[in-house]
Ligand code: PEP
Ligand code: MN
């Protein structure tokens, strides 16, 4: 897909009325920063009883907004019926939501209904943190000859994201890009954040991770939105936010920068060597522990000891300037490997 960077898709979570769509589209067009108008027409909701979208009735609102503003239009499709119902309106872009991307049967059905299309189709990451499943969704479209496929990273549900609605788990999106480097990758900070106050921060991070653009929810009157009210921005607030994002260069030829960078990278490389050696040493000690546990018929897991290690690490996290989240991830990985090494010794 050859899109100008940053490529910005913006618009309300859901299409609610013709007036809401037109006013929002006009506000977005006036910013001069938005490439495509989005609006959900069919809304897969986590729980029954929430607004599930206006359906086909809303499609003429979108085409009218396109006529009035000149903005291309995009909506979400979650099954083949949606694809067929949207066809007469010739939407410019379709996207597949996180819940649908997690379902291979739905993906297959959609892929077949889109066979051969050169319309851009964006695939959001599945709700669960499984890169293979995301790849599989893309591959099903590709096998059916869908020519312009893009990715949208919207975070992963149910990982105890804390202040954010969906855990970004940036490494999974980066892994996806490593596997499919030719695909355009957008970030959807709205669904990662769940709250408009964090969107600027997450958007800046996406820019610094070399994303190609963003899909951001914007509503003419966010507080009365029928879905995702807390995370939507007015078109003016969106314009300001986009203005403030710095799309920094990938490289600099400045000689002083290059020299300083080289020096710092040497430090990093040497520290990495030390860290790896220390980890190897630590695992060798774990094996020795495995040996004496085997001789004394003691099981591997000693919960109190592990809690003690974690506790001590967290106490020092502040003075070390390391976040608790990072320490937990690191120590968990060390613990898993350590258990595995002890298991191998004990099962010998
Ligand atoms: C949406 O874009 O409004 C939406 C439902 O997103 P997701 O599929 O990422 O939850
Ligand atoms: Mn939404």
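No lab work stands behind these numbers, since they all come straight from the coordinates. Here the structure is a predicted model, which means the values were calculated and not measured. Positions of Cβ are generated from backbone atoms using ideal geometry, with glycine treated the same way; all protein chains shown enter the neighbour counts.
Annotations for the structure displayed:
- Per-region count, segment 324-348, residues touching a helix residue (DSSP H, G or I) at 6+ places or on another chain (Cβ under 7 Å) and part of a loop (DSSP other than H, G, I, E, B): 0
- Residue match in segment 242-250 (condition: over 30 Å from residue 10 (Cα atoms) and part of a helix (DSSP H, G or I)): no
- Checking residue 260 against (1) assigned to a helix (DSSP H, G or I); (2) within 16 Å of ligand 2 (Cβ to nearest atom), the condition it does not meet: (2)
- Hits in segment 177-197 - residues which are within 16 Å of ligand 1 (Cβ to nearest atom) and either closer than 18 Å to residue 148 by Cβ or in contact with a strand residue (DSSP E or B) (Cβ under 9 Å, 6 or more places away or on another chain) (or both): 185, 186, 187, 188, 189, 190, 191, 192, 196
Here's the yes/no breakdown for (1) farther than 26 Å from residue 143 by Cα; (2) in contact with a strand residue (DSSP E or B) (Cβ under 8 Å, 6 or more places away or on another chain); (3) away from ligand 1 (no atom under 16 Å from the Cβ):
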{"position": "13", "(1), (2), (3)": "yes, yes, no"}
{"position": "74", "(1), (2), (3)": "no, yes, no"}
{"position": "77", "(1), (2), (3)": "no, yes, no"}
{"position": "84", "(1), (2), (3)": "no, no, yes"}
{"position": "99", "(1), (2), (3)": "no, no, no"}
{"position": "111", "(1), (2), (3)": "no, no, yes"}
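- Residues being within 12 Å of ligand 2 (Cβ to nearest atom), touching a residue at least 40 places away in the same chain (Cβ under 8 Å) and under 16 Å from residue 232 (Cβ atoms) - total across segment 20-44: 3
- Qualifying residue in segment 218-234 (condition: in a loop (DSSP other than H, G, I, E, B), more than 16 Å from ligand 2 (Cβ to nearest atom), out of contact with any strand residue (DSSP E or B) (no Cβ under 6 Å at 6 or more places or on another chain) and under 30 Å from residue 148 (Cβ atoms)): no
- Residue in segment 121-135 that is surrounded by the fewest Cβ atoms within 10 Å (Cβ to Cβ), counting only those that are farther than 25 Å from residue 87 by Cβ and more than 10 Å from ligand 1 (Cβ to nearest atom): 132
- Unique residue being more than 16 Å from ligand 1 (Cβ to nearest atom) and either loosely packed, with under 14 Cβ neighbours inside 10 Å or under 17 Å from the mean Cα position of the chain (by Cα) (or both) when the list is 200, 239: 200
- Residues of segment 152-196 that turn out to be within 16 Å of ligand 2 (Cβ to nearest atom) and outside any loop (DSSP other than H, G, I, E, B), as a count: 11
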